[in-house]
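Here is the structure we will look at.
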Amino acid sequence: MNVLFPRSLKGLFQALAEPGARVLAGGTDLLVRLRAVPDSGPAAAPATLVSLDRLAALRGVREEGGGNLRRVLRLGAATTHAELLAHPLLRARLPVLAQALAELGSPPIRNMGTLGGNICTASPAGDCLPPLAVLGAEVELASASGVRRLALDGFLLGPGRTALAPGEILAAVRVPLPGPDEVQHFEKVGRRDALAVAVVSLAALVRLGRGGKIAGARLAWGSVGPTVWRCPEAENALAGRRLSLTALAEAASIVRSQVQPIDDVRASAAYRREVAGNLLLRLAMLE
Ligand SMILES: Cc1cc2nc3c(=O)[nH]c(=O)nc-3n(C[C@H](O)[C@H](O)[C@H](O)COP(=O)(O)OP(=O)(O)OC[C@H]3O[C@@H](n4cnc5c(N)ncnc54)[C@H](O)[C@@H]3O)c2cc1C
């Protein structure tokens, strides 16, 4: 297998045009999977891996917008989890994402793994996905023929499936900066406290209006469906209420009646359903 290290986007797109070429970011998902793949046959490993490692254009955090435009943080897809976590603006303004990054894998995984790899793997348990969904993130996709933007929920099509076209890469993620009246929360339940894949996770972004009443709530769960799961009925049930245990318990019972998780090696569907509701109750701490 060849591994190429292009130093320009032009070189990257040329390399990706080769038959059987595949993007390599931190390799923490891809290299684990490739170990299980045969060297030949129809399901063979890719002939060429094209590394993003030398492409400064795909790394880093930049603030954009201002004036009449909404302020946005543009997160380069090849930025590692550790680099994102170290960014003061991300920690201060996107705590829901920072909380998820802080719990993702272990220090070595956070040093190698990238935001783009987490999104493009499109795992139902991908820790960055629920936070990015509630933040209203957009993905920036680039290819030799230009750049296009998509809402994250239009990009994630199912387990391991995205809207990436052949020859296209995820270049960046654009996250609108929430206002000071928006409280944020992320929590993940796994089989143990550290280095655990989510059994259920919840990201929440709640806008508090006058008198502490909820002016809008965005809720997204991980590991309870093929991709990030939203529950508009529970969001609507919270509108106009305070973040009280009574209101949250009502929303939690809506969640339990609608969520349709599956049994797998990590947990039963019944346990996931219970926990998906219970995680909502934690939002009472934000009041
Ligand atoms: C021990 C261990 C623990 C882990 N724990 C967690 C965890 O707690 N939570 C969690 O969410 N994940 C976890 N993971 C999974 C993994 O570390 C993360 O999903 C990580 O973010 C993947 O990023 P990467 O850069 O390593 O991706 P890679 O492995 O390099 O790539 C993954 C896939 O995305 C594609 N890809 C990568 N970047 C791009 C791009 N910019 N454009 C187009 N395609 C791209 C690749 O072709 C490949 O198909 C764990 C993995 C291991 C090995």
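The values are calculated or read from the model by the stated rules, or taken from the named source; none is laboratory data. Keep in mind the model is a prediction, meaning the values are calculated, not measured. Because the Cβ atoms are built from the backbone with ideal geometry, glycine has one as well, and the counts that use them run over all protein chains shown.
Considering each of Arg242, Arg282, Arg191 in turn, give the residue that is farther than 24 Å from Leu75 by Cβ, outside the structural domain of Val61 (by TED's automatic domain parsing), part of a helix (DSSP H, G or I) and among the charged types (D, E, K, R).
The match here is Arg282.
Return the only residue of Ala125, Ala163 being small (Gly, Ala, Ser) and modelled with pLDDT under 95.
Sole residue among the options that is small (Gly, Ala, Ser) and modelled with pLDDT under 95: Ala125.
Only one of Ala144, Ala151, Ala100, Ala137 is hydrophobic (A, V, I, L, M, F, W, C), in contact with a helix residue (DSSP H, G or I) (Cβ under 6 Å, 6 or more places away or on another chain) and without any contact (Cβ under 8 Å) to a residue 60 or more places away in the chain; which?
So the residue among Ala144, Ala151, Ala100, Ala137 that is hydrophobic (A, V, I, L, M, F, W, C), in contact with a helix residue (DSSP H, G or I) (Cβ under 6 Å, 6 or more places away or on another chain) and without any contact (Cβ under 8 Å) to a residue 60 or more places away in the chain is Ala137.
Sort through Asn111, Asn118 and tell me the only one that's part of a helix (DSSP H, G or I) and either more than 14 Å from the ligand (Cβ to nearest atom) or touching a Gly at 6+ places or on another chain (Cβ under 6 Å) (or both).
After ruling out the rest, the residue left standing is Asn118.
Name the residue that is surrounded by the fewest Cβ atoms within 10 Å (Cβ to Cβ), counting only residues in the stretch 197-210 that are over 19 Å from Pro95 (Cα atoms) and free of Cβ contacts under 8 Å to residues at least 40 places away in the same chain.
Arg210
Okay, residues lined up against (1) within 16 Å of the ligand (Cβ to nearest atom); (2) in contact (Cβ under 8 Å) with a residue 60 or more places away in the chain:
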position: Phe155; (1), (2): yes, no
position: Arg161; (1), (2): yes, no
position: Asp181; (1), (2): no, no
position: Leu195; (1), (2): yes, yes
position: Gly212; (1), (2): no, yes
position: Trp229; (1), (2): yes, no
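From Leu94, Leu84, grab the single residue that is modelled with pLDDT of 95 or more, under 18 Å from His185 (Cα atoms) and within 12 Å of the ligand (Cβ to nearest atom).
Only one candidate qualifies: Leu84.
So which of Gly136, Gly216 is more than 11 Å from the ligand (Cβ to nearest atom) and part of a loop (DSSP other than H, G, I, E, B)?
Gly136
For the condition buried (at least 18 other Cβ atoms within 10 Å of the Cβ), under 25 Å from Leu219 (Cα atoms), at pLDDT 95 or above and in contact with a helix residue (DSSP H, G or I) (Cβ under 9 Å, 6 or more places away or on another chain), what is the one hit in Leu73, Leu58?
None of the other options fit; the residue is Leu73.
Of Ser51, Ser8, which residue is within 12 Å of the ligand (Cβ to nearest atom) and among the hydroxyl-bearing types (Ser, Thr, Tyr)?
Going through Ser51, Ser8 in turn, the sole match is Ser51.
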